[in-house]
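The values are calculated or read from the model by the stated rules, or taken from the named source; none is laboratory data. All of these numbers come straight from a predicted model, not from anything done at the bench. Every residue, glycine as well, gets a Cβ built from its backbone with ideal geometry; the counts of neighbours run over all protein chains shown.
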């Protein structure tokens, strides 16, 4: 194959990876954060039924990550992403035509959870294979930024669609009579784009023999499982940190909206603007941080990021006002931009490339446990005093900053790769 075609397909596959993660997270976040809660509530479903649908999706997603990550390791990312995106397209279509049967909705939520589970580990491992280990933090930064943009646009655009439908603007200006059916059509279209990208990416992988995943046929499944368990034992010191990091974020979820609206007197739309402000700073700093993390290592960014996050959250609890909360949102965005690429680069660098899918999937499941426990703890603490979850979160992040000062990064990464 000529070099020009090789380069074209190589970077074309990167674009396919990035468009896939953007499209799939657009669909998932729009569907479960904005669209379905609004639509099912209008249809008369109870909050418990809506919550069951959402929980079915989240639980399946978390439980499936390790298994789908293992498939990505052993069969390559593209066959797994092809199957996952096909499940998501099927799931959105089923939601559109069978939303009046709650049991079908549960099954559909499970299908979408399974389909979305391999996306992050498969995209991260697949893109690093293309650009090389030396640029893994930079690549993870790009993946994270695209993931955030896709996941953020979904709920925002669906919310705009629903609000415009309620005030009659879409009907008078565009002749759209049923915004929910239009919303389903948009979600099917975006899911279809993700499926099309998986087809293109798989085609590119088959054309580039040097980019194909090579699986040793001499290794038995028992040997492969033993190798994964050995690596897991070597990097087990990272697991408590994952749980604490996720817990420190999850504990804020139940009290964030009440704190903003009741304590600071801001509207829900202002909260959306706050999230956008934070997101702009994340998007602006994430790729440069990833680049410098590749050059200088992850430690200084993790320590600085967690210190800044701890300070920002404690300041929110103690001194936040309607005026300075915008500056605090920018600080939190900067802290996240320092933490996310550095942490994922540390994690990816601690795992052999041939085990990256299954172990990153497993570690994401651990983080999912933290996100599940966090809201329960935050809800209980928030009933006593709304600021308590903020203090708990700030202290946990301060603990993580101290941990990363002393954690022997090179030892963990060398052991994981050995």
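Of all residues in the stretch 305-319, those that are surrounded by fewer than 21 Cβ atoms within 10 Å (Cβ to Cβ) and touching a residue at least 60 places away in the same chain (Cβ under 8 Å) total 5. Listed residues 293, 233; which is farther than 22 Å from residue 379 by Cβ, assigned by TED's automatic domain parsing to the domain that holds residue 366 and surrounded by 19 or more Cβ atoms within 10 Å (Cβ to Cβ)? Exactly one of 293, 233 is farther than 22 Å from residue 379 by Cβ, assigned by TED's automatic domain parsing to the domain that holds residue 366 and surrounded by 19 or more Cβ atoms within 10 Å (Cβ to Cβ), namely 293.
When residue 271 is tested against (1) more than 18 Å from the chain's Cα centre (by Cα); (2) closer than 24 Å to residue 328 by Cα; (3) in contact (Cβ under 8 Å) with a residue 24 or more places away in the chain, exactly one condition is not met: (3).
Within the stretch 93-119, track down each residue that is closer than 22 Å to residue 178 by Cα, in contact (Cβ under 8 Å) with a residue 12 or more places away in the chain and either in contact with a helix residue (DSSP H, G or I) (Cβ under 8 Å, 6 or more places away or on another chain) or surrounded by 24 or more Cβ atoms within 10 Å (Cβ to Cβ) (or both).
Here is the first cut: in the stretch 93-119, the residues closer than 22 Å to residue 178 by Cα are 93-102, 105.
After this cut, where a residue has to be in contact (Cβ under 8 Å) with a residue 12 or more places away in the chain as well, the list is 93-96, 99-100, 102, 105.
Of everything in the stretch 93-119, those that are closer than 22 Å to residue 178 by Cα, in contact (Cβ under 8 Å) with a residue 12 or more places away in the chain and either in contact with a helix residue (DSSP H, G or I) (Cβ under 8 Å, 6 or more places away or on another chain) or surrounded by 24 or more Cβ atoms within 10 Å (Cβ to Cβ) (or both) turn out to be 93, 94, 95, 96, 99, 102, 105.
When the residues of the stretch 384-418 are narrowed to those that are out of contact with any helix residue (DSSP H, G or I) (no Cβ under 7 Å at 6 or more places or on another chain) and at pLDDT below 85, which ends up farthest from residue 304 (Cα to Cα)? Out of the qualifying residues, it is 418. Counting only helices (runs of 4 or more DSSP H) that sit completely within the stretch 1-92, those holding 2 or more residues that are out of contact with any helix residue (DSSP H, G or I) (no Cβ under 9 Å at 6 or more places or on another chain) and surrounded by fewer than 20 Cβ atoms within 10 Å (Cβ to Cβ) correspond to 3-29, 47-75. Being crowded, with 18+ Cβ neighbours inside 10 Å, modelled with pLDDT of 75 or more and not assigned by TED's automatic domain parsing to the domain that holds residue 91 narrows it down to one of 241, 194, 183, 201, so name that one. Only one candidate passes the filter, namely 241. Applying the criterion of being surrounded by fewer than 17 Cβ atoms within 10 Å (Cβ to Cβ) and more than 17 Å from the chain's Cα centre (by Cα) to the residues of the stretch 250-262, the residue that is farthest from residue 140 (Cα to Cα) is 262.
Would you mind stating whether residue 331 is assigned by TED's automatic domain parsing to the domain that holds residue 251, in contact with a helix residue (DSSP H, G or I) (Cβ under 6 Å, 6 or more places away or on another chain), surrounded by 23 or more Cβ atoms within 10 Å (Cβ to Cβ) and assigned to a helix (DSSP H, G or I)? So residue 331 does not fit the description; no. The condition of being over 26 Å from residue 18 (Cα atoms) and within 17 Å of the chain's Cα centre (by Cα) holds for only one of 38, 55, 48, 64, that being 55.
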